Amino acid sequence: MARRIGRSVFGQGAIGFLLATYLRLVRRTSGFSTFPEDLDEYSRGRTPLIAAMWHGQHLMMPFARPDTMGPLAALISRHEDAGPQALALQRLGIMPVRGSGGPADRQYYKGGAPAMRELLRLLESGASVALTADVPKTARVAGMGIVTLARLSGRPIVPMAVVASRRIQFNTWDRATLGLPFSQVIVVAGDYIPVSAEADDATMEAARLAVQEGLDEAHRRAYAMVGATDPGAQLRTA
C-alpha cells in the first residue's frame, strides 16, 4: 500500500517537495568549501559543460552548481522510484531529463536515445548538464555514454564530487550518501576532459578512463578534506 502511494502522482509530488525542502535546509545551515577555491572562476568561459558524478552522489548534485554555470539540466532515470528526485530538482531550478542507458527490455529504462538528443539540444542552447558516469548498476565503472555526449556536443566533461562532513551513508549498491544539516560541504571539480569530434575508438576509451580516474580522484580528495575515506572506493573490484 505504501509503495503504491509513493508511486502515485500525489505521493511522488509530496516526496519531491520534502526532498527539495530538506536539501534547501542543508544548504542554508552548512558551510561550503570548494576545490579549486574559486569554482566560479574555474568554470567561467568553459560553460556549457558536462558535469560527471558517480552514482551515490546524485542526491548531493544540487550543491555542485557554481553561480556562473547558468542553466543546468540533469539526467534522471525513468524508473518510477526516481520521480521524486526529478520533481525535487525541478523545485531547485534544475531541469530534469528522464532517460537511462539500461536494458531496453525493461519499460522504465527505455528512453536513452531521446534523452541523449535532449541533452545535446540543451547543451547547444547554452545549458550545462549533469549526469552519472557509471554503467547502470555497475558502480564506479564509467560508461561510453557521457564520453559520446562530449564528442557529439563538443563540450568538456568535468568530474565532480560533493561530500558533507555529516552525512547519512546508505547500504546500497552505489554507497549513496545524503548530507545532514549543519555540515561542512566540500565540492571538488577535477580537470576538464575534452573529447574531439574526430575521436576514434582508442581515443574514446582513453577519455572514458580519464573520466573514471578523474571521478575517483575527486572523491578521494573530497572525502580526505572531511577526514574520511570514500566508502565506494573499492566497489569497482568488489
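Here are some notes:
- Near ARG167, the amide H atoms lying under 5 Å from its own belong to LEU180; only residues 5 or more places off or on other chains count, and H is placed 1.01 Å from N.
- Sum of side-chain charges, LEU59 neighbourhood, beta-carbon under 15 Å (Lys, Arg +1; Asp, Glu -1): +4
- Since only SER125, ALA139, VAL185 are under comparison, the one whose Cα sits farthest along the positive direction of the charge dipole of the range 98-218, derived from C-beta charges on Lys, Arg, Asp and Glu, is VAL185.
- Relative to the globular-protein estimate of 2.2 N^0.38 Å, the Cα radius of gyration of the range 167-238 stands at 1.36.
- Least to most buried among TRP54, TRP173 (fewest other Cβ within 10 Å first): TRP173, TRP54
- For the chain, the 222 nm mean residue ellipticity estimated from helices alone, with every DSSP H stretch of n ≥ 4 adding -39500 (n - 2.57) and the total spread over all residues, rounds to -11500 deg cm²/dmol.
- Diffusion constant of the range 2-228 at 4 °C, which comes from Stokes-Einstein with the Kirkwood Cα-pair radius and 1.567 mPa s, µm²/s: 73 µm²/s
- Using a Gaussian network model of the chain in which every pair of alpha carbons under 10 angstrom is joined by a spring, one finds that among GLY16, GLY70, GLY83 the greatest mean-square fluctuation is at GLY70.
- Local electrostatic count, ASP230, Cβ distance below 11 Å [Lys/Arg +1, Asp/Glu -1]: +2
Coordinate-derived values only; no laboratory data. Note that the structure is a prediction, hence the values are computed from the model and not measured. We place every Cβ from the backbone using ideal geometry, glycine too, and count neighbours over all the protein chains shown.
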